[in-house]
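The structure appears right after this line, and notes come after that.
The values are calculated or read from the model by the stated rules, or taken from the named source; none is laboratory data. These numbers come from a predicted model, not from an experiment. Note: ideal-geometry Cβ built from the backbone for every residue, glycine included; neighbour counts use all protein chains shown. Just the protein is used for accessible areas: all its heavy atoms, side chains included, with ligands, DNA and RNA removed. Shrake-Rupley method; radii C 1.70, N 1.55, O 1.52, S 1.80 Å.
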Amino acid sequence: MFGQFDFGVITRNLPYLIKVGMAFTIELTILVIVLGIVFGTLLAMMRLSSIKVLSAFATAYINLMRSVPLVLVIFWFYFLVPYIGAWIIRSPTPVRVGAFLSSVITYSMFEAAYYAEIMRAGIQSIPRGQVWAGYALGLNYWQTMARIVLPQAFRNMVPILLTQTIVMFQDTSLVYVLSITDFLGAASKIAERDGRYVEMYIFAAVVYFVICVVISFLVRRLQRRIAIIR
Amino acid sequence: MAMIEIRDVSKWYGSFQVLTDCTTSVEKGEVIVVCGPSGSGKSTLIKAVNALEPVQKGEIFVDGVRVNDPKTNLPKLRARVGMVFQHFELFPHLTVRQNLSLAQALVLGRPQQEADERGLKYLDRVGLIDQKDKFPGQLSGGQQQRVAIARALSMDPICMLFDEPTSALDPEMINEVLEVMQKLATEGMTMMVVTHEMGFANRVANRVIFMDAGHIVEDASKAEFFGKPRSERAQQFLAKILHH
Amino acid sequence: MNYHWNWKIFWDLTPEGSGTYLHTLLVGLLWTLATALAAWVIALVLGVIVGVIRTTPRKWAGRFCNGYVELFRNIPLLVQMFLWFFVIPELLPKHLGDAIKQMPPPWASYVPAVLCLGFFTSARVAEQVRAGIQALPRGQRMAGTALGLTLPQTYRHVILPMTFRIILPPLTSEFLNIIKNSSVALTIGVVELTAAARAMQEFSFQVFEAFTGATILYILTNILVIYGMRWVERRVAIPGFIGPAVQAGGH
């Protein structure tokens, strides 16, 4: 049944698919994990803050991001970032922002809202006594957060953070809507050029599938090693 | 001025009053035991002493520093007050050794090695030096509570607060913790202890405070309290606790 | 930096002559809902079947269903969209594939989009159903068996009625997800709400008004769904029973 197909198109274009496409996908994913978790944790702390303005802002931001599709957010930021850039450097005209930087900003801001809710649950899972113990030893808010609450919250949340990260890795493929050449973008450009849709999209599916399954397996093993003995 | 001064302290959770005009003090070197039925506000009162629970009315002083004053540097004050919790509250993600040295290094700025040595010295004094590289989850409840006491002591506190230190322990582990506390008392440490262990109070305390429904009902010397408490509530409480 | 706001744009006529821009967005919203609702039916039916099988004692069937869930969870939705649109018609017998490709617009895009979202979401529903069933006390199943019920009867009358009440909140968020995920269908030509906003932006050059319009419509839809589901939760709530929350991740 695969007689009419030419899977050689994959091997012929492998360097392009990996060096251009997959490199973009992986760099974007790693940067967004780091920035997303950092912003997300800050948002979670703001949301749990007793300062009303901070918690109201964080709540509004998180709810807004979570009720809009990622595709729409991608379009929003694609047009908004040049204006924000102009505002920062006081330029009279919108600034050009490269595809990569624009994607990093978009995904970090979007994922931060999802990571924030995970970290909030993680922080709330830490017994109040742990915070008291930190304070009672003379630690201040930031020290208590950084040394006592967040390390435990993070460990408790590893499985859900992982699930979210795999979803995010898959979602990076949506930069396709801006014609950016990530892994799927590269595959789709070849598919269109050579008319090899079947081969390229099956290949893309297999690659994503294998990466996601392998990563979940590895992290599940890692997680058993860092689990806290209670 | 006494080491701990509590003057006319009141506290509300919403419209529910948990503390009503509480006044008492702990002199330097004194050991006082706070007892009373659950929900009487004794845990809230002791947590108010190092401002873990804010109070809405009244004043609390520790070593002359006003605790419930927004200008007070709370971390600095708390670093000088040792506290032991009902549920130990060791940090489960850190080893025993790290639990002991964390605040010394972070708050007092002691070099890591000095903090380590000091922590281990106190760990030895509570008889657990063999456990230094274990995680809290690998220790029994009694051992965890002794580590928690060592952790508080390694900060060189001027006084110690104990919030029901034995009530989460299995009966056979209560004594090992009480012994450590008794030793501490004989060395002259100022201690405020919330506990139901009347035997401990009888052996160690200078004074006993009895609380009920947010009020300090009785504040008497040990002899007076165990001899003949004035209030009926305290008599009932003692009768229940001593005859079971 | 100067952007010329023009909020009246929503009442201007589109150059296509199909009505106002507001009308364009509302038609987009209708397609979003039509896609999401049709896909939700598929997702619920398949998800419940697969989720239930994963909790039955049949080993090989359980393994097959685990594979099903892993397959749909580990391939990006967009790639799955392309598989349904570009690849599946080529792999079917020729007359069938051609028939699919020659469906008049918008059905040639709509049908693959619905199938894609339906199967994608069914794997997530299956996961919730399994977690919900396993959250029930084991005694429930034994009690059913002890009363002489067969396995299907135990599921039908004992386990599933409780499971559905437990998993209503995570199902709500899955339904919200399917609404948001339907925007991915714009890549294969479904003119749903996000695509409509894109079209409005391209014709009118009022980028931020167009996206603001779409954003507000998404938020309103969200609020409606959440209130609707809360109402359902209250209607089916059993006195004295509070279901444990099942954690839902993802978008």
Item to check | Area hidden from solvent between A and C (accessible, protein heavy atoms only, 1.4 Å, total, Å²) | outcome: 3800 Å²
Next on the checklist: Given contacts defined as C-alpha pairs under 8 Å and at least six residues apart, what's the relative contact order of chain C, whole-number percent?
Outcome noted: 29 percent
Checklist entry - If one computes the Cα centroid of region A:181-212 and of region C:119-138, what distance in Å separates the two points? => result 31 Å
Checklist entry - Which entries of B:Lys76/B:Lys222; B:Lys71/B:Lys183; C:Lys59/C:Lys94; A:Lys52/C:Lys8; A:Lys52/B:Lys76; B:Lys121/B:Lys183 show an alpha-carbon separation above 25 angstrom in the structure shown? => result B:Lys76/B:Lys222; B:Lys71/B:Lys183; C:Lys59/C:Lys94; A:Lys52/C:Lys8; A:Lys52/B:Lys76
Checklist entry - Distances over 25 Å make up what percent of all Cα-Cα pairs in region A:111-230? => result 45 percent
Checklist entry - Add -39500 (n - 2.57) for each DSSP H run of 4 or more in the protein assembly as shown, then divide by its residues: what number comes out at 222 nm, to the nearest 500 deg cm²/dmol? => result -19500 deg cm²/dmol
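Given a 1.4 Å probe and no ligands, DNA or RNA in the count, how much accessible surface is buried by A and B, both sides, to the nearest 100 Å²?
Buried area between the two chains comes out at roughly 2000 Å².
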Checklist outcome for this item: For chain C, the Cα convex hull volume per residue in Å³ comes to 165 Å³
Next on the checklist: Quick check: Cα centre of region C:22-90 to Cα centre of region A:1-63, how many Å?
Outcome noted: 22 Å
Item to check | Occluded residues from region A:56-91, i.e. those whose accessible area drops by 40 Å² or more once the chain is not alone (1.4 Å probe) | outcome: A:Ser67, A:Pro69, A:Val71, A:Leu72, A:Phe75, A:Trp76, A:Phe79, A:Tyr83
Checklist entry - Under a 5 Å amide H to amide H cut-off, with H placed in plane at 1.01 Å, what residues pair with B:Val84 once short-range neighbours are removed? => result B:Leu161, B:Phe162, B:Asp163
Item to check | Shielding by partners - mean other protein chain Cβ count within 10 Å, residues of B:127-136 | outcome: 1
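When only Cα pairs under 8 Å and 6 or more residues apart are kept, what is the percent relative contact order across chain A?
Worked out over chain A, it gives 29 percent.
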Checklist entry - To the nearest µm²/s, what D does Stokes-Einstein give for chain A at 4 °C and 1.567 mPa s, using the Kirkwood radius over alpha carbon pairs as Rh? => result 65 µm²/s
Checklist entry - In region C:167-201, which residues become less accessible by 40 Å² or more once every protein chain is in place, relative to the chain on its own, using a 1.4 Å probe? => result C:Lys180, C:Thr194, C:Arg198
Checklist entry - Tell me, what is the Rg over Rh of the protein assembly as shown, with Rh the Kirkwood radius over Cα pairs? => result 1.07
Item to check | Residues C:Leu96 and A:Val53, FRET efficiency given R0 of 51 Å [Cβ-Cβ distance, rounded to 0.05] | outcome: 0.30
Checklist entry - What are the residues of region A:203-225 that lose 40 Å² or more of accessible area, with a 1.4 Å probe, going from their chain alone to all protein chains? => result A:Ala205, A:Phe209
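If you take the beta carbon distance between C:His23 and B:Asn175 as r and set R0 to 56 Å, what does 1/(1 + (r/R0)^6) give as a FRET efficiency, to the nearest 0.05?
For R0 = 56 Å, the calculated efficiency reads 0.10.
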Next on the checklist: Using a 7 Å offset from Cα along Cα-Cβ at C:Thr14, what residues in region C:181-199 end up with backbone N under 11 Å from the label point?
Outcome noted: C:191-193, C:195-199
Item to check | Rounded to whole Hz, the Karplus (6.51, -1.76, 1.60) HN-Hα couplings of region B:43-57, x for glycine and proline | outcome: 5, 5, 5, 5, 6, 6, 4, 10, 6, 6, 10, x, 10, 8, 9
Next on the checklist: If every alpha-carbon in chain B counts as one equal scatterer, what log10 I(q)/I(0) does Debye give at q = 0.18 1/Å?
Outcome noted: -1.42
Checklist entry - Using the Karplus equation 6.51 cos²θ - 1.76 cosθ + 1.60 (θ = phi - 60°), what ³J(HN,Hα) coupling, rounded to whole Hz, does each residue of region A:61-67 give in order, writing x for Gly and Pro? => result 4, 4, 5, 4, 4, 7, 9
